[in-house]
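A.B. asks: Before we start, here is the structure in question, set down as structure tokens.
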Amino acid sequence: MTKEELAGKIDLTVLNPAATVKDIEDLAKKALIYPFATLCVPPCYASVAARALKGSPVRTSTVLGFPLGYNAVGVKRGEALKAVMDGASELDMVMNIALFKSGELRGVEEDISGVVKAVQGALIKVIIEACYLTDEEKLRALEISVNAGAHFVKTSTGFGPKGATVEDVRLLSKGSSGRIRIKAAGGIKTLDEALRMIEAGADRLGTSSGLSIVAGLS
């Protein structure tokens, strides 16, 4: 795997609540070095990132319902419409874990499908926050994401008590049977961790350490 191929699997991420416009603009320049798949930024900076990346192969991504996901059903759809209007083409939405844990699976699916239908053409990744789920629940969340028309199921926000694990990626990859892609995120800081996630079945990685990870590939 070349550095460019590895970078093409990474969403270079900056979701620090204290991130500034200058931080986003500086990271956008760095995202072009290899280049990365996307630059993932807070929703308020989607237009800043899109403007800085205009004309480049690096896409803008942002988050919906982040980081807890328990917005009222329909709120994330509004967030998605605004994000796409601002230039984002990939959206990472947090699944409504509260409804999921309550057994309100129809509401969870409607929340996701509402976003998918509202912004057709955008790529939707569903963050299931695996650290709160049993293996059975992880696979159920994957099925809901597939049924709702999402393009990726993502392990974690990176803001929970635990991030991505190789075991979770392997479980989701096997359960997906090629119907949906897998994104690993949360705590991926080294090249070795990144390569193990990819080997386990991750099609995309989310990390703020993307520059050092790719630079470490010989």
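A.B. asks: If you scan segment 9-67, which residues turn out to be among the acidic types (Asp, Glu) and either touching a helix residue (DSSP H, G or I) at 6+ places or on another chain (Cβ under 8 Å) or surrounded by 14 or more Cβ atoms within 10 Å (Cβ to Cβ) (or both)?
C.D. replies: Of everything in segment 9-67, those that are among the acidic types (Asp, Glu) and either touching a helix residue (DSSP H, G or I) at 6+ places or on another chain (Cβ under 8 Å) or surrounded by 14 or more Cβ atoms within 10 Å (Cβ to Cβ) (or both) turn out to be 11, 23, 25.
A.B. asks: Filter segment 47-70 for residues that are small (Gly, Ala, Ser) and in a helix (DSSP H, G or I); which is farthest from the chain's Cα centre (by Cα)?
C.D. replies: So, considering only residues that are small (Gly, Ala, Ser) and in a helix (DSSP H, G or I), the one farthest from the chain's Cα centre (by Cα) is 52.
A.B. asks: Further question on the same structure: If a residue must be aliphatic (A, V, I, L, M), buried (at least 19 other Cβ atoms within 10 Å of the Cβ) and not in a loop (DSSP other than H, G, I, E, B), how many such residues does segment 172-197 contain?
C.D. replies: Count: 6.
A.B. asks: Outside any loop (DSSP other than H, G, I, E, B), in contact with a Leu (Cβ under 7 Å, 6 or more places away or on another chain) and surrounded by fewer than 17 Cβ atoms within 10 Å (Cβ to Cβ): does that describe residue 76?
C.D. replies: No; evaluated as a whole, the condition is false for this residue.
A.B. asks: All but one of (1) surrounded by fewer than 18 Cβ atoms within 10 Å (Cβ to Cβ); (2) of a type in the set (D, E, K, R); (3) farther than 24 Å from residue 17 by Cβ hold for residue 82, so report the exception by its number.
C.D. replies: Here residue 82 clears every test but (3).
A.B. asks: Further question: Of all residues in segment 130-185, which are touching a helix residue (DSSP H, G or I) at 6+ places or on another chain (Cβ under 9 Å), of a type in the set (Gly, Ala, Ser) and farther than 21 Å from residue 64 by Cβ?
C.D. replies: Scanning segment 130-185 gives 173, 175, 176.
A.B. asks: Return the residues of segment 149-208 that are in contact with a Phe, Trp or Tyr (Cβ under 6 Å, 6 or more places away or on another chain) and touching a residue at least 40 places away in the same chain (Cβ under 8 Å); say none if nothing qualifies.
C.D. replies: Answer for segment 149-208, where residues must be in contact with a Phe, Trp or Tyr (Cβ under 6 Å, 6 or more places away or on another chain) and touching a residue at least 40 places away in the same chain (Cβ under 8 Å): just 183.
A.B. asks: Identify, please: which residue in segment 199-218 is part of a strand (DSSP E or B) and touching a Ser or Thr at 6+ places or on another chain (Cβ under 7 Å) and is, among those, farthest from residue 172 (Cα to Cα)?
C.D. replies: Among them, the one singled out is 207.
A.B. asks: Considering only residues that are within 14 Å of residue 126 (Cβ to Cβ), over 14 Å from the mean Cα position of the chain (by Cα) and of a type in the set (Val, Ile, Thr), which ones fall in segment 71-111?
C.D. replies: Within segment 71-111, 97, 108 meet the criteria.
A.B. asks: Determine the pairs where a residue that is more than 17 Å from residue 157 (Cα to Cα), located within segment 132-145, has a partner that is small (Gly, Ala, Ser) and crowded, with 17+ Cβ neighbours inside 10 Å with Cβ atoms under 7 Å apart, the partner being 6 or more residues away or on another chain.
C.D. replies: From residues that are more than 17 Å from residue 157 (Cα to Cα), the pairs are 139/175.
A.B. asks: When you check residue 164 against the structure, is it of a type in the set (A, V, I, L, M, F, W, C) and either at pLDDT below 95 or within 16 Å of the chain's Cα centre (by Cα) (or both), yes or no?
C.D. replies: Judged against the criteria, residue 164 is a match.
A.B. asks: Can you say whether residue 37 is touching a residue at least 60 places away in the same chain (Cβ under 8 Å), among the small types (Gly, Ala, Ser) and touching an Asp or Glu at 6+ places or on another chain (Cβ under 9 Å), as far as the supplied structure shows?
C.D. replies: Yes, satisfied.
A.B. asks: If I ask for residues that are farther than 19 Å from residue 208 by Cα and part of a loop (DSSP other than H, G, I, E, B), which ones from segment 128-171 would you list?
C.D. replies: Of everything in segment 128-171, those that are farther than 19 Å from residue 208 by Cα and part of a loop (DSSP other than H, G, I, E, B) turn out to be 128, 133, 134, 149, 150, 151.
The values are calculated or read from the model by the stated rules, or taken from the named source; none is laboratory data. All values derive from a computational prediction rather than experimental measurement. Neighbour counts are summed over all protein chains in view; Cβ atoms, including those assigned to glycine, are modelled from backbone coordinates with ideal geometry.
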